[in-house]
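So the structure is just underneath, and the comments pick up after that.
The values are calculated or read from the model by the stated rules, or taken from the named source; none is laboratory data. Because the structure is a prediction, the values reported are computed rather than measured. Heads up, the Cβs are rebuilt from the backbone with ideal geometry, glycines too, and the neighbour counts pull from every protein chain shown.
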Amino acid sequence: MYRLFSWELSYFSGKVRAYLRYKQRMGGLEPGFEDILATPELLDGLLTQRSGSPAVPQLLAPDGTWIQDSSEIIDFVEAQHPAPLVSPNPATHPRQAVASYLLELLADEWTVVPAFWQRWFFSEDGRSPSHRGFNEQQWGSVFAAGAPGNERRAAGAMIFDQMFNISESRTNPRGVYLGLRAMGVSEETEPAWQASQHRLLERLDAHFSAHDYVLGGRPSLGDFGLLGPLYAHLYRDAVPGFVLRTHFPILCEWIERTNGEGCVTSRTYDQKLYSLDDAGELVGRPANGDGADWLPDDAIPGTLLPVLSLFFEEMWPVLKDSMRTLTAFCDSDAHVRGEELPGKTFSPTPGFEQHQMGDGALTHAFTIGGIEARRMVVPYQMWMLGRLQAVIDVATKTSDGRAALSELLGRIDGASELLTLGDRLAGCRVEKRRSLLYSEPAASCAASASFSAARRAL
Ligand SMILES: N[C@@H](CCC(=O)N[C@@H](CS)C(=O)NCC(=O)O)C(=O)O
């Protein structure tokens with residue numbers, strides 16, 4: 001069996017668990033998977049030993065392959081078990097493939113900020129409403145697994161106090177609170193991040209009023225990506241969870257449907273709707289709309305365009321600047337090409353704090369909701385962009401593919417710039433080995449820069 005090491009409270013675990021459930025329920029994941037709580041004993045004694053990182057989720061495949069990272073887990077399982085396909089093939093479905101990878105990137109690395117912020121804002125001292133007790137309980141369930149309920153809650157409270165300095169979250173932040181600062185959250189930007197999240201929720205709600213999933217009548221990579229922020233942080237956590245259920249009930253249906261739990265009346269992916277025929281016999285049909293499949297002819301639902309456009313409005317400018325900043329860092333005396341780069345999204349990486357905090361060489365100015373602020377560069381995002389570029393390369397190999405993708409990008413303000421991604425990445429490509437990230441060695445970096453120059457000249 002596959003073994004998934006996860007936490008219910010974890011952003012990226014929600015993405016992968018829902019994906020594996022879908023594959024398993026559709027008969028596409030022989031011999032199935034076991035969801036294992038990644039307790040501190042397993043984090044230290046197993047995950048860190050095998051991948052070099054305690055981050056969850058991690059997957060142990062039946063053949064002994066060990067995979068750390070939600071995107072790589074999905075890529076690995078898709079390659080082993082292609083049916084039912086979740087990641088659209090860029091050679092045959094250029095628009096649906098690029099849209100899926102863009103949504104995954106937006107959900108993984110942009111919406112992570114407001115989702116993470118909500119969890120910890122509504123856990124601070126004196127907040128009303130507050131979900132501090134709920135949050136203590138869910139953290140305690142990982143770090144004191146197996147202990148009685150009151151001891152689990154006390155363990156969560158102790159972590160918040162000792163590791164995150166929760167009672168001084170604003171004046172002397174540690175752990176998650178320091179991470180939020182590095183991600184560009186401050187008293188000035190908090191409302192703007194929250195507004196960004198609400199924009200996304202509204203646009204998704206409008207989309208899921210018309211379609212059961214991102215691409216139509218069955219899930220794809222974009223759905224599982226979006227479940228990252230939407231499940232553990234925005235649906236399970238009590239304060240945003242209340243807002244979601246009361247203001248975005250359609251979106252809640254999609255969350256339950258995509259997560260494959262608690263969705264008996266909300267048309268999950270393998271549920272049938274039954275009618276009675278003339279003889280009074282039950283006749284089943286797929287419960288999902290759009291013929292229970294992605295839209296035909298590689299079409300992108302019109303209601304998805306505002307969601308994709310959020311990527312170009314908000315995240316793309318930050319990514320462009322991050323690529324410039326990382327390129328300059330890799331060219332500077334502070335770094336030797338081919339060596340390790342920071343790896344974390346949620347906080348500065350130990351050993352790189354002087355670069356990723358304050359005005360460090362791996363920080364950059366950015367704008368959210370018209371407010372200027374500073375945040376750390378996250379090289380993992382350049383790794384994800386490299387993955388997206390590989391999809392674009394395949395999608396644009398043929399003139400039909402190029403035309404289809406250009407047509408989609410032409411419908412979204414500013415999106416055509418995506419076709420310059422390869423050039424922008426040339427000096428800041430990131431490689432991943434086990435759980436660690438490295439800049440591309442100087443020789444291959446020069447090769448990809450001259451390849452880009454040659455492409456420009458053509
Ligand atoms: N990019 C990784 C991120 C994994 C990640 O950051 N996981 C968080 C929980 S959602 C974690 O384990 N944080 C604790 C740590 O990094 O030590 C993925 O897609 O899997």
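Annotation note: of Thr246, Thr325, the sole residue that is part of a helix (DSSP H, G or I), outside the structural domain of Arg25 (by TED's automatic domain parsing), polar (S, T, N, Q) and surrounded by 14 or more Cβ atoms within 10 Å (Cβ to Cβ) is Thr325. The lone criterion from (1) among the charged types (D, E, K, R); (2) farther than 30 Å from His364 by Cβ; (3) out of contact with any helix residue (DSSP H, G or I) (no Cβ under 9 Å at 6 or more places or on another chain) left unmet by Asp205 is number (3). Which members of region 249-270 meet the condition of being of a type outside the set (Asp, Glu), assigned to a helix (DSSP H, G or I) and out of contact with any Leu (no Cβ under 8 Å at 6 or more places or on another chain)? Selection gives Pro249, Ile250, Arg257. Total residues in region 393-403 satisfying the condition of being hydrophobic (A, V, I, L, M, F, W, C) and either surrounded by fewer than 21 Cβ atoms within 10 Å (Cβ to Cβ) or outside the structural domain of Ser309 (by TED's automatic domain parsing) (or both): the figure is 2. Here is the figure for region 290-305: residues that are assigned to a loop (DSSP other than H, G, I, E, B) and without any contact (Cβ under 8 Å) to a residue 12 or more places away in the chain total 2. Filter region 143-189 for residues that are in contact with an Asp or Glu (Cβ under 6 Å, 6 or more places away or on another chain) and either surrounded by fewer than 20 Cβ atoms within 10 Å (Cβ to Cβ) or in a loop (DSSP other than H, G, I, E, B) (or both) and give the result. Those that are in contact with an Asp or Glu (Cβ under 6 Å, 6 or more places away or on another chain) and either surrounded by fewer than 20 Cβ atoms within 10 Å (Cβ to Cβ) or in a loop (DSSP other than H, G, I, E, B) (or both): Ala144, Ala157, Ser167, Ser169. Out of the residues in region 361-378 that are crowded, with 20+ Cβ neighbours inside 10 Å and part of a loop (DSSP other than H, G, I, E, B), state the one that is farthest from the ligand (Cβ to nearest atom). The qualifying residue farthest from the ligand (Cβ to nearest atom) is Leu362.
For every residue, the table says whether it meets (1) out of contact with any Pro (no Cβ under 9 Å at 6 or more places or on another chain); (2) free of Cβ contacts under 8 Å to residues at least 24 places away in the same chain.
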residue: Tyr231; (1), (2): yes, no
residue: Ala238; (1), (2): no, no
residue: Leu244; (1), (2): yes, no
residue: Gly260; (1), (2): yes, no
residue: Gly280; (1), (2): yes, yes
residue: Asn288; (1), (2): yes, no
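Of the helices (runs of 4 or more DSSP H) lying entirely inside region 1-112, those containing at least 2 residues that are in contact (Cβ under 8 Å) with a residue 60 or more places away in the chain and within 11 Å of the ligand (Cβ to nearest atom) are 11-25, 70-80, 94-109. Scanning region 60-84 for residues that are among the hydrophobic types (A, V, I, L, M, F, W, C) and within 18 Å of Phe224 (Cα to Cα) yields Ile67, Ile73, Ile74, Phe76, Val77, Ala79, Ala83.
Each residue in region 324-360 was checked for being of a type in the set (S, T, N, Q) and without any contact (Cβ under 8 Å) to a residue 60 or more places away in the chain, and 4 pass. The set of residues from region 113-126 being in contact (Cβ under 8 Å) with a residue 60 or more places away in the chain and surrounded by fewer than 20 Cβ atoms within 10 Å (Cβ to Cβ) comprises just one member, Phe122.
It is to be established whether one or more residues within region 249-257 are without any contact (Cβ under 8 Å) to a residue 12 or more places away in the chain and in contact with an Asp or Glu (Cβ under 9 Å, 6 or more places away or on another chain). Yes, region 249-257 contains a residue that is without any contact (Cβ under 8 Å) to a residue 12 or more places away in the chain and in contact with an Asp or Glu (Cβ under 9 Å, 6 or more places away or on another chain).
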